[in-house]
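J.: Please see the structure below; I have some questions.
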Amino acid sequence: MNFLTIQDVSHVYFSKQTSTTALHDISLTVNEGEFISIIGPSGCGKTTLLSIIAGLIKPTVGTVILDNEPIHMKNKKTGYMLQQDYLFPWKTIEENIFLGLKLTNQLTNKTKIKTLSLLKKIGLSNVKDQYPSQLSGGMRQRVALVRTLATDPKLLLLDEPFSALDYQTKLTLEELVYLTLKQFHKTAVLVTHDIGEAIAMSDRIYLLSKGPGKVAQVFTVPKELRQLSPLEIRNSEQYNELFTIIWKELESLEGKN
Ligand SMILES: Nc1ncnc2c1ncn2[C@@H]1O[C@H](COP(=O)(O)OP(=O)(O)OP(=O)(O)O)[C@@H](O)[C@H]1O
């Protein structure tokens, strides 16, 4: 069943003097529990598309349907994870992970216990009374994941959540986030500059071209690969083949700009 449907979406940014067409005629569908990635040259409209899916920007043309309803700004079905963790430095880790629940009036004993057990599962229950500055970048992103999952969103939007991390931490977090989302049967849309990350984590990869952003190609990650975890995928031969194909396509798109 289509869980997320993006239908004929175009978006133009207007200012007093100029207009920029960021997206042109984008259509795609995502089933419940699927993980898709959006890649493409810088400025092709990836973040704009994610903001439209989140309901933060209304597209100039087209519709976004999430779980059978048109998307709107205050929807509680979407959770966002960004490159920066945006944890509040003056709040403890425990206060930070309860924040979304508090803001949406969902903070109860039951949701507190559930969120703390998620923190434990992710290996961070020992830091709940510490402050973000006392944690490493990777630990803070794990906390950000717990905070995002605390409100139980059905759709996770991930905007380059690992790009500020060192390589080792990034691989570990890809694995952790992927397995956690699969365990809770979440649907996810990842924006990334990293082809390897897109292959390691996604069922499908949408390659956008620039000026304005359009869907240039869709790559389906082979079923045999999807039986494996992200770390295992990165070590497989098929991964290298797919990586080379996507790399060449991306390079040819960048050459056209
Ligand atoms: N608020 C805005 N006002 C005007 N133009 C904008 C605005 N935000 C983005 N744009 C333009 O829209 C286009 C798409 O931008 P967007 O940030 O969505 O691309 P992106 O693929 O996420 O880029 P990057 O990979 O560099 O992060 C670009 O030409 C950008 O300059």
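Since every read-out is calculated from the coordinates, none of them should be taken as a lab result. In this text the structure is predicted, and so the values were computed from the model without any measurement. All Cβ positions, glycine included, derive from the backbone under ideal geometry; neighbour counts span all protein chains shown.
J.: Going through the stretch 122-198, which chymotrypsin sites (Phe, Trp or Tyr not before Pro) have at most 14 other Cβ atoms within 10 Å and a DSSP loop state? Please list the in-between numbers first.
T.: Numbers: sites: PHE162, TYR167, TYR178, PHE184; in loops: PHE162, PHE184.
Taking the stretch 122-198 and a limit of 14 other Cβ atoms within 10 Å, the loop chymotrypsin sites (Phe, Trp or Tyr not before Pro) found are PHE184.
J.: If you don't mind, there's one more thing I want to ask. Rank THR104, ILE52, VAL215 by how far each Cα sits towards the positive end of the charge dipole of the chain (+1 on Lys, Arg Cβ; -1 on Asp, Glu Cβ) and give me just the farthest.
T.: THR104
J.: Report the dimensions of the stretch 37-81 along its three principal axes from the alpha-carbon atoms, largest first, rounded to Å.
T.: So the three principal-axis extents are 31, 26, 15 Å.
J.: Taking +1 at the Cβ of each Lys and Arg and -1 at the Cβ of each Asp and Glu, which of LEU231, TYR131, VAL64 sits farthest along the dipole of the chain towards its positive end, judged by Cα position relative to the Cα centre?
T.: Positive-most Cα among the choices belongs to TYR131.
J.: Another one. 5 Å is the cut-off here: which amide hydrogens, built 1.01 Å from N in the peptide plane, fall below it relative to LEU158, excluding neighbours closer than 5 in sequence?
T.: When sequence neighbours closer than 5 places are left aside, the close amide H contacts are MET81, VAL189, LEU190, VAL191.
J.: By a straight-distance test (C-alpha under 16 Å), which aspartates and glutamates pair with LYS210 as possible cross-link partners, with residues fewer than eight away in the same chain excluded?
T.: Filter leaves ASP25, GLU249, GLU251, GLU254.
J.: Taking the 0 to 90 degree range and rounding to the nearest ten, how far is the long axis of helix 237-255 tilted relative to the main principal axis of the chain, both from C-alpha atoms?
T.: 60 degrees
J.: Report, in debye and to the nearest 20, how large the dipole of the stretch 101-232 comes out about its Cα centre when Lys and Arg carry +1 and Asp and Glu carry -1 on their Cβ.
T.: Numbers: 19 positive and 12 negative charges, 138 e Å.
Dipole magnitude for the stretch 101-232 comes out near 660 debye.
J.: A further question on this structure: Using modelled amide H (1.01 Å from N, peptide plane; none on Pro or chain starts), what sits under 5 Å from the amide H of LEU23, excluding residues fewer than 5 places away?
T.: HIS11, GLY213
J.: Something else: Between VAL221 and residues 5 or more places away or on another chain, which pairs have amide H atoms under 5 Å apart, with H built 1.01 Å from N, and which residues are they?
T.: Distant-sequence amide H within range of VAL221: ARG204, ILE205.
J.: Determine ³J(HN,Hα), in whole Hz, for all residues of the stretch 82-99 in sequence, where each value follows from phi through the Karplus function 6.51 cos²θ - 1.76 cosθ + 1.60 and θ = phi - 60°; x replaces Gly and Pro.
T.: Result, ordered by residue: 10, 4, 8, 6, 6, 6, 7, x, 8, 10, 6, 4, 4, 5, 5, 6, 8, 4 Hz.
J.: Hey, got a sec? Which trypsin sites (Lys or Arg not before Pro) in the stretch 1-95 land in a DSSP loop and have at most 16 other Cβ atoms within 10 Å?
T.: Values: sites: LYS16, LYS46, LYS74, LYS76, LYS77, LYS91; in loops: LYS16, LYS74, LYS76, LYS77, LYS91.
Those satisfying the criteria are LYS16, LYS74, LYS76, LYS91.
J.: Let me ask something additional. Student exercise: in the stretch 11-132, how many lysine pairs 8 or more apart or on different chains have Cα atoms under 18 Å apart?
T.: So the count of such lysine pairs works out to 25.
J.: Let me know the charge dipole size of the chain about its Cα centre in debye, to the nearest 20, where only the beta-carbon of Lys, Arg (+1) and Asp, Glu (-1) is charged.
T.: Values: 29 positive and 26 negative charges, 202 e Å.
It works out to roughly 960 debye.
J.: For the chain, what does the helix formula give at 222 nm: sum of -39500 (n - 2.57) over DSSP H segments with n ≥ 4, over the residue count, nearest 500 deg cm²/dmol?
T.: Values: 9 runs with 99 residues, N = 257.
After summing the helix terms and dividing by the residues of the chain, the value is -11500 deg cm²/dmol.
J.: Can you tell me what share of the DSSP beta bridges in the chain is antiparallel? A percent to the nearest 5 is fine. Walk me through the numbers on the way to the answer.
T.: Values: 22 of 41 bridges.
Of the beta bridges lying entirely in the chain, close to 55 percent run antiparallel.
J.: For a footprinting-style exposure proxy, rank HIS193, HIS11, HIS72 by other Cβ within 10 Å, fewest first. Walk me through the numbers before you get to the answer.
T.: On the way: HIS193 14, HIS11 23, HIS72 10.
Lowest to highest Cβ neighbour count: HIS72, HIS193, HIS11.
J.: Bins of 10 Å, beginning at zero and ending with the bin holding the largest distance: percent of Cα pairs per bin for the chain, please.
T.: Answer for the chain: a P(r) of 7, 29, 35, 22, 6, 0 percent.
J.: Tell me, what HN-Hα J-couplings in whole Hz come from the Karplus equation 6.51 cos²θ - 1.76 cosθ + 1.60 at θ = phi - 60° for each residue of the stretch 196-202, using x for Gly and Pro?
T.: x, 5, 4, 5, 5, 10, 9
J.: Another one. In whole angstrom, how far apart do the alpha carbon centroids of the stretch 108-182 and the stretch 186-226 sit?
T.: Answer, in whole Å: 23.
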